[in-house]
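All of the numbers you see were taken from the coordinates with simple rules; none came from a lab. What you see is a predicted model, and the numbers here were worked out from it, not measured in a lab. For neighbour counting, all protein chains shown are included, and Cβ atoms are generated from backbone atoms with ideal geometry for every residue, glycine included.
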Amino acid sequence: MSALRLKVLIAGGGIAGPCLAYWLTKIGLNTSITVVERSRSPRVTGQAIDIRGRAIEIMKKMKLEEAVRSFSTTEEGAIFVNSSGKSFAEFIGGGGFTAEYEILRADLSRLFLEATEGLDNVRYVYGDSVESLEQTDKDVNVTFTKGSKDTFDLVVAADGSTSTTRPLILDEQILKDSYKFLGQYIAFFSIPSRPTDPKLWQWYNAPKGLGIMTRPHRNPSTIGAYLCITMPSREQRDPIVEEAMDKGTDDTKRMLHKYFENAGWEAKRVLEGMDQAEDFYMSRMALVRLPKWTNGRALVLGDAAFATFGVGTSLAIESGYALAQELSKIQSTDDVPHAVKKYEEVFRPIYAKTEGIPPGFPQLASPQTAWGLQIRDWILWFLNKSKIYKLAQR
């Protein structure tokens, strides 16, 4: 088996891509893996994410548990606050909001990179992407954006929910209506911390779907700040936000100042911190749901295949592991299409158990009116006082 050479291209250097690269080096084949990332360097932005379920065991098999714990955000739970900063609902110790393994996306991505980038058979290429690909019975011919060409036995698109490689793999009919915008925009960035900042996820909402959150960091000198704009319904877009995001970071920050300058709570502090933040990033919350993930010697993986709410990181880890397991069974590179097809058959039932999101999310969590907020806050208060949420958590 060690003589069987498997040449793999992975588009995307975030979570799913490096995790897959790691497991491909452990399956007993002579693998040659190229990870191409369109960013010019490893990304240092991103929100707090968590690892749950089967992904925890996979992370432990990678011998990364100690490292993940050392990079913990130190978050101890979540509280909801009013405009004066007074909490009215507290979910300490998790309560479904904070998982046992909470880590910044950039930190987890870095751990996966460090587990693979020193290996002789894994190569990272930054500042490039897949321009086109052509499949034959024996391989996949790839042309890259910068003009180079190469041939692979397998191509994996793991470049996120807005994947540019996905339409090169799956046909238009399969992709139709697969990207579902949830009607929420979120900006992530770091701001200076204060001694009074709790080790809690603080959540504040104002009318018109505005939300401000702060979350602790492992680095005691900063905390994570989040500015959310939620539309009245899913798929509805805000033309002002869209235009600002299209123009770039400076215009996006100016837009956020106009939206949040009188929002209440710690809006002034957060906006001032945003102006100095070097890790600012704003994105659209979306689901990706596809009836098919694979096509011969190519497939989509992680958020490129099934971006979802709450468990996207865990699914990315699980899917990379599951694909590597199926590839470990091949006897020749002719078996790659069968292994890819088998992976989808095995993993789709696993994904199906987690693809749902809370009814009405995120609109019910971020009401548009003052009375809508009052109703939501009363529900949260009741859940907190009655401890019913613990049943849901279990």
- Distance between modelled label sites at I174 and D250, nm, 7 Å Cα→Cβ extension: 4.2
- Query: Alpha carbon centre of region 55-98 versus region 15-32: separation in Å?
  - Reply: 29
- Message: Please give me the summed charge of the neighbours of Q325: other residues whose Cβ is under 12 Å from its Cβ, Lys and Arg +1, Asp and Glu -1.
- Response: +2
- FRET efficiency estimate (nearest 0.05) - Cβ-Cβ, A370 to E65, R0 41 angstrom: 0.35
- Over region 16-133, the quotient of the Cα radius of gyration and 2.2 N^0.38 Å is 1.33
- Once you charge only the Cβ atoms, +1 for Lys and Arg and -1 for Asp and Glu, what is the size of the charge dipole of the chain about its Cα centre, to the nearest 20 debye? 900
- Would you calculate the separation in nanometres between label points at Q331 and T143, each defined as 7 Å from the Cα along the Cα-to-beta-carbon direction? 3.8
- Fully extended contour minus Cα-Cα distance, from R269 to L4, at 0.36 nm per residue: 89.6 nm
- Message: Contact order normalised by length for region 151-244, with contacts defined as Cα pairs under 8 Å and 6 or more residues apart; what percent is it?
- Response: 28
- Residues meeting the amide H criterion for I51 (H placed from the backbone, H to H distance under 5 Å, 5 or more places apart or on another chain) are Y101
- Considering the dipole of region 14-173 built from charges on the beta carbon (Lys and Arg +1, Asp and Glu -1) around the Cα centre, which of M62, G147, A158 is farthest to its positive end? M62
- Query: Classify region 78-127: rounded, prolate or oblate, from the alpha-carbon gyration tensor (a ≥ b ≥ c, eigenvalue square roots; a/c under 1.5 rounded; otherwise prolate if a/b is larger than b/c)?
  - Reply: prolate
- Computed lengthening from F181 to S41, 0.36 nm per intervening residue step minus Cα-Cα distance: 47.7 nm
- Item | For region 40-79: Kirkwood Rh in Å [reciprocal of mean 1/r, alpha carbons] | 12.1
- Approximate shape of region 91-250 as ellipsoid semi-axes (Cα gyration tensor, √5λ), whole Å, largest first: 36, 24, 15
- Message: Output needed: percent of Cα pairs per 5 Å distance bin for region 163-278, bins running from 0 to the one holding the longest distance.
- Response: 2, 10, 19, 19, 16, 13, 9, 7, 4, 1, 0
- Query: Can you pull the percent of Cα pairs in region 241-394 with separation above 21 Å?
  - Reply: 66
- Query: Rounded to the nearest 20 Debye, what is the dipole magnitude of region 27-160 about its Cα centre when Lys and Arg each give +1 and Asp and Glu each give -1 at the C-beta?
  - Reply: 200
- Compactness ratio of region 130-192: Cα Rg over 2.2 N^0.38 Å, N = residue count? 1.52
- Item | Inter-label distance for W378 and R348, nm, one decimal - labels placed 7 Å from Cα along Cα-to-Cβ | 4.5
- Quick one: of K60/K199; K61/K329; K138/K342, which pairs are farther than 23 Å apart, Cα to Cα? K60/K199
- Can you check what the net charge comes to around D107, using other residues whose Cβ is under 15 Å from the Cβ of D107 (Lys, Arg +1; Asp, Glu -1)? -1
- So what's the gap between the Cα centers of region 346-374 and region 127-144, to the nearest angstrom? 37
- Query: What net charge is computed for the residues neighbouring H338, neighbours being all others with C-beta under 15 Å from the C-beta of H338, Lys and Arg scored +1, Asp and Glu -1?
  - Reply: -2
- Message: Using Cα-Cα distances under 8 Å and only pairs 6 or more residues apart, what relative contact order does the chain have, in percent?
- Response: 22
- Query: What's the center-to-center distance, using Cα atoms, between region 208-274 and region 164-178 in Å?
  - Reply: 31
